[in-house]
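Some notes on the structure that comes next.
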Amino acid sequence: MTKIAFLGLGAMGSRMARRLLDAGHELTLWNRTAPDAANWAGARIATTPRDAASGAEVVIAMVRDDAAAADVWLHSESGALAGMHAGTLAIECSTVSADWARTLHAACAAAGVECLDAPVVGSRPQAEACALIFLVGGAEAPVGRAEPVLSAMGSAAHHCGGPGSGSATKLLINALFGIQVTAIAELLGLAAAQGLDLTRIAAIIGETPVASPALKGAMGGMLAGAFAPMFPIDLVAKDFALAHNVGLRLRARTPMADTAATVFDDALAAGLGFENLTAVAKLYQ
């Protein structure tokens, strides 16, 4: 049993925290909107991240973006780091910029706290099934220390390198997924314009070597009109913006990612922000 503070009980965080509770860990929870204690029997509900982190051996955050993460970890009065003691392990599971992740690593090091950035690959079904994949950035030693906790929530943890490398890798993966989704939405729209049988064409594409499992899943969702949010468009757009900023800073060419980002921005403008990313198909209908 490990004393864990979990910060952020959104669609992903609530499922991850539930798996930790099921695994028998001693859990303290914090969320910006106070959770219903009746739904979290066995866990303690804290009033601030600092309160949640006090006495914890491991502190995990799963929030929306850099700004939310900075507030949760580093707020001068209520931030989690202010309540953590030397030797505590901080794990940032939010999808954030590598720059923010490195800022957190540095702040933790100054406080004598170990830190990992460990965003996840997978969505709500994978979180339910303990099948998330963690992309871990940070020193080698705390990776081993984190393994029993991460294994209660996921099926694999890959050490990507030093501080920020997990966050950087997550944005690469999300960009690749988003590019595939926008591409197949466009091509299915082109097929429809030619009067082709979309179900038949999608099945054929799915049998070819060019179709990844993610691509096949996206096509199925588009054809079924199943757009319940697993990875909402507003979060995809946020992640593309983070990737774009990295490209600008490094003067790297990112034409594919930038083009896909404009599609998701168009979907946001069309009022599709809270639908699954596959709802970009509606732009081509």
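The values are calculated or read from the model by the stated rules, or taken from the named source; none is laboratory data. These numbers were taken from a predicted model, which means no experiment stands behind them. Ideal geometry is used to build each Cβ from the backbone, glycine not excepted, and the neighbour counts take in all protein chains shown. For the accessible areas, the whole protein counts, side chains as well, though only heavy atoms, and no ligand, DNA or RNA atoms are used. Shrake-Rupley method; radii C 1.70, N 1.55, O 1.52, S 1.80 Å.
Taking 0.36 nm per residue of separation and subtracting the Cα-Cα distance, full extension of the segment from A129 to L187 would add 17.7 nm. Helix-only arithmetic for the chain: the sum of -39500 (n - 2.57) across DSSP H runs with n ≥ 4, divided by the residue total, places the mean residue ellipticity at 222 nm at -15500 deg cm²/dmol.
Take the chain, connect every pair of alpha-carbon atoms lying under 10 Å apart with a spring to form a Gaussian network, then pick out the residue of Q194, Q126, Q180 with the largest mean-square fluctuation. Most flexible of the set in this elastic network: Q194. Each listed q (0.09 Å⁻¹) maps to a log10 I(q)/I(0) for the chain, found by the Debye formula over equal Cα scatterers with no solvent: -0.45. For the chain, C93, C130, C160 stand unpaired, since no other cysteine beta carbon lies under 4.7 Å from theirs. Projecting the Cα atoms of N31, C160, A111 onto the dipole axis of the chain, where Lys and Arg carry +1 and Asp and Glu carry -1 at the beta carbon, places C160 farthest toward the positive end.
Using a Gaussian network model of the chain in which every pair of alpha carbons under 10 angstrom is joined by a spring, one finds that among A146, A110, A183 the greatest mean-square fluctuation is at A110.
Once the cut-off is 19 Å, how many percent of the Cα-Cα pairs in region 1-113 end up in the long-distance tail? Of the Cα pairs, 37 percent sit more than 19 Å apart. Reducing region 72-150 and region 217-279 to their Cα centroids gives an inter-centroid distance of 25 Å. Extending 7 Å from the Cα toward the beta-carbon at both A110 and A141 defines two label points whose distance is 2.1 nm. With all protein chains kept in place, the per residue accessible area of region 61-164 amounts to 36 square angstrom at a probe of 1.4 angstrom. Against the empirical 2.2 N^0.38 Å (N residues), region 153-285 has a Cα radius of gyration ratio of 1.11.
Rolling a 1.4 angstrom probe over the chain with all protein chains present gives an accessible area of which 59% lies on carbon and sulfur atoms. The simple Förster model, with R0 at 35 Å and r as the Cβ-Cβ distance, assigns M1 and D71 a FRET efficiency of 0.75. Charges on Cβ only, +1 for Lys and Arg, -1 for Asp and Glu, centred on the Cα centroid of the chain; of P49, P148, A193, which one is farthest towards the dipole's positive end? Towards the positive end, the residue furthest out is A193. Taking 0.36 nm per residue of separation and subtracting the current Cα-Cα distance, fully stretching the chain between A226 and A86 would add 45.7 nm. Only the Cβ atoms of Lys and Arg (+1) and of Asp and Glu (-1) were treated as charged; on that basis the dipole of the chain about its Cα centre amounts to roughly 160 debye. Remark: the R200-Q285 segment gains 28.9 nm on full extension, using 0.36 nm per residue and subtracting the alpha carbon distance. With only Cα atoms counted, region 154-221 has Rg and Dmax values of 15.8, 51 Å. The calculated FRET efficiency for the pair S212 and R44, based on their C-beta separation and a Förster distance of 30 Å, comes to about 0.10. If you take every DSSP beta bridge whose two residues both sit in the chain, what share of them, in percent to the nearest 5, is antiparallel? If I count the DSSP bridges inside the chain, around 15 percent turn out antiparallel.
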